[in-house]
Amino acid sequence: MALDPTDLFDIRSLLSDEERAVQDSVARFTNERVLPIIGDCFEQGRFPRELIPEIASMGLLGSSLPEKYGCAGLNGVSYGLICQELERGDSGIRSFVSVQSSLCMYPIFAYGNEQQRQHYLPAMARGEIIGCFGLTEPHGGSDPANMKTHAKRDGGDWVINGAKMWITNGNVAQIAIVWAQTEDGIQGFIVPTDTPGFTAQEIKKKMSLRASVTSALFFDNVRVSDAQRLPNVRGLKGPLGCLTQARFGITWGPVGAAIACFSEATEYAKQRIVFNRPIAANQAVQLKLADMARRITLAQLLSLQLGRLKDAGTMQPTQVSLAKWNNVRMAIDIAREARDILGGAGITTEHCPIRHALNLESVITYEGTETVHQLVVGREVTGINAF
Ligand code: TGC
Ligand code: FAD
């Protein structure tokens, strides 16, 4: 029996019926609703907001959170498969879902009080309230402990001043989860984006994640009540805990991008006749395609095992770092090699590899750069902190 080139080890057979159903429905959405428009969106620098209601109605926002908050209550592996299938379409669509689910709904669920959960989570699951997550600041995102944005207590209120940089969904969002220094350490605030003193400025001229909105946020005496503070966490472990959730999804997403590039390069190589035969008949090209299949298989296994650890409650941040590093590196290398196999045709958005390669330049940088994750793994294996 012929094997599936995008799943040579039949990893799909390791999934439950529910996980397979989730993967199939998101795959259909990507094929029917994302792929027909995404090349144009990328070229025009447009985030396809019109997809938000459908993404929400499929239960893809906050998919791992409990049903009592209007969410789908799926397991971690299902969330991973959602990310994989969305990023097979485009990293920008997966980014939108990552930020809403892992970086905005998760902290309200994990660090918020019951009133905040009831107020925000069902509306966010329905896509009626969109969030953004403000951690990175202009002077250096890799070291969030060096945070300058601060919140000062003023009676029953907090007054926030500072700036955040490179914020996904910044100009789309109705609320921002803002991390700020306080007298008691770093704390998180749910800031409505129509609060006086809050400004979001879209970052233009991007050559990556063009189908996603990225913004700078400015806080000029932004006043919020204490009811907007996330009461159940203090310190850097608050935002880092959210990043662990999002990075988990990001280990899966690039597998989708790599599969898209590998599939397109394979089909092209079988049809492109140069020197009187398909370029796929050359050993050099087959070696490249075989090596892509090998690396995709390894990345799939890594993410699936990571998902099983997550669902067992034993996943460690270092394991997430290793998988984010490995899988994004795998995908960006494959996207670039696939672009090469397509020759000149590979430089247009008629084909997906250049778009994925450019997107993955952001994915390898955000949620901790490749170097940051290498140093996290280095710290684990040596016991020495190199930061
Ligand atoms: P350290 O000071 O040692 O630790 C502080 C506290 O945090 C705990 N912790 C974690 N908790 C959960 N998950 C993790 N991954 C954690 N890492 C650390 C730690 O136990 C400690 O807790 P406690 O109770 O002792 O206070 O911090 P560190 O030395 O571990 O961190 C250094 C470093 C460089 C790894 C960290 O600062 C880092 O990860 N920097 C990168 C920053 C980053 O990734 N920014 C991403 C911004 S958001 C974004 O990019 C969104 S893109 C979204 C999209 O569009 O998809
Ligand atoms: P820097 O921290 O200045 O790093 C620059 C270079 O120095 C990197 O190569 C880095 O690896 C290297 N470096 C730094 N420290 C060390 C060291 N100790 N040893 C060796 N090398 C080191 N942030 C948010 O908070 N929310 C978002 O929604 C969000 N969305 C984003 C969307 C996009 C499209 C992009 C591009 C970024 C987004 N970010 C977001 C920000 C992202 O997390 C940061 O860009 C990232 O953490 C790196 O920070 P920086 O850009 O300031 O680079």
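The values are calculated or read from the model by the stated rules, or taken from the named source; none is laboratory data. Every value quoted in this text rests on a predicted model; they were computed, and no experiment measured them. Glycine also receives a Cβ, built like all others from the backbone with ideal geometry; neighbour counts cover every protein chain displayed. Just so you know, the surface numbers come from the protein's heavy atoms only, side chains and all, with ligands and any DNA or RNA stripped out. Shrake-Rupley method; radii C 1.70, N 1.55, O 1.52, S 1.80 Å.
Considering the conditions (1) open to solvent by 10 Å² or more (accessible area, probe 1.4 Å); (2) more than 23 Å from Arg210 (Cα to Cα); (3) away from ligand 1 (no atom under 12 Å from the Cβ), Ala163 is excluded by exactly one of them, (2). Which one is nearest to Arg88 (Cα to Cα) among residues in region 310-329 that are surrounded by 17 or more Cβ atoms within 10 Å (Cβ to Cβ) and aliphatic (A, V, I, L, M)? The extreme case among them is Val328. Restricting Ala269, Ala246 to those that are of a type in the set (A, V, I, L, M, F, W, C) and away from ligand 1 (no atom under 11 Å from the Cβ) reduces the list to Ala269.
Sort through Glu32, Glu54 and tell me the only one that's free of Cβ contacts under 8 Å to residues at least 40 places away in the same chain, touching a Lys or Arg at 6+ places or on another chain (Cβ under 7 Å) and assigned to a helix (DSSP H, G or I).
Working: Glu32 fails: touching a Lys or Arg at 6+ places or on another chain (Cβ under 7 Å).
That would be Glu54, the only listed residue that is free of Cβ contacts under 8 Å to residues at least 40 places away in the same chain, touching a Lys or Arg at 6+ places or on another chain (Cβ under 7 Å) and assigned to a helix (DSSP H, G or I).
Checked against the criterion of being within 14 Å of ligand 1 (Cβ to nearest atom) and open to solvent by 30 Å² or more (accessible area, probe 1.4 Å), the candidates Asn221, Asn232 yield just one match: Asn232.
Can you confirm whether Gln245 is more than 18 Å from Val377 (Cβ to Cβ) and surrounded by fewer than 19 Cβ atoms within 10 Å (Cβ to Cβ)?
Working: more than 18 Å from Val377 (Cβ to Cβ): yes; surrounded by fewer than 19 Cβ atoms within 10 Å (Cβ to Cβ): no.
For Gln245, the condition - more than 18 Å from Val377 (Cβ to Cβ) and surrounded by fewer than 19 Cβ atoms within 10 Å (Cβ to Cβ) - is not met.
Taken together, the residues in region 172-198 that are among the β-branched types (Val, Ile, Thr) and either part of a loop (DSSP other than H, G, I, E, B) or surrounded by fewer than 16 Cβ atoms within 10 Å (Cβ to Cβ) (or both) amount to 3.
Taking (1) assigned to a loop (DSSP other than H, G, I, E, B); (2) within 14 Å of ligand 1 (Cβ to nearest atom) in turn, Lys204 satisfies each apart from (2).
Condition check ((1) out of contact with any Lys or Arg (no Cβ under 8 Å at 6 or more places or on another chain); (2) within 16 Å of ligand 2 (Cβ to nearest atom); (3) part of a helix (DSSP H, G or I)) across all residues:
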position: Asn221; (1), (2), (3): yes, no, no
position: Val224; (1), (2), (3): yes, no, no
position: Arg247; (1), (2), (3): no, yes, yes
position: Trp325; (1), (2), (3): yes, yes, yes
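Hey, any hits in region 3-23 for a residue that's among the hydrophobic types (A, V, I, L, M, F, W, C), assigned to a helix (DSSP H, G or I) and open to solvent by less than 10 Å² (accessible area, probe 1.4 Å)? No: zero hits.
Identify the residue in region 127-156 that is away from ligand 1 (no atom under 16 Å from the Cβ) and buried (at least 16 other Cβ atoms within 10 Å of the Cβ) and, among all such residues, is nearest to Ser57 (Cα to Cα).
Restricting attention to region 127-156, the residues satisfying the condition of being away from ligand 1 (no atom under 16 Å from the Cβ) are 127-129, 150-156.
Next cut, buried (at least 16 other Cβ atoms within 10 Å of the Cβ) only: 127, 129, 150-151.
On the way: Gly127: 8, Ile129: 14, His150: 37, Ala151: 36 Å.
Ranking the qualifying residues of region 127-156, first place goes to Gly127.
With the condition kept exactly as written, say whether any residue in region 290-302 is closer than 25 Å to Phe42 by Cα, away from ligand 1 (no atom under 16 Å from the Cβ) and in a loop (DSSP other than H, G, I, E, B). No.
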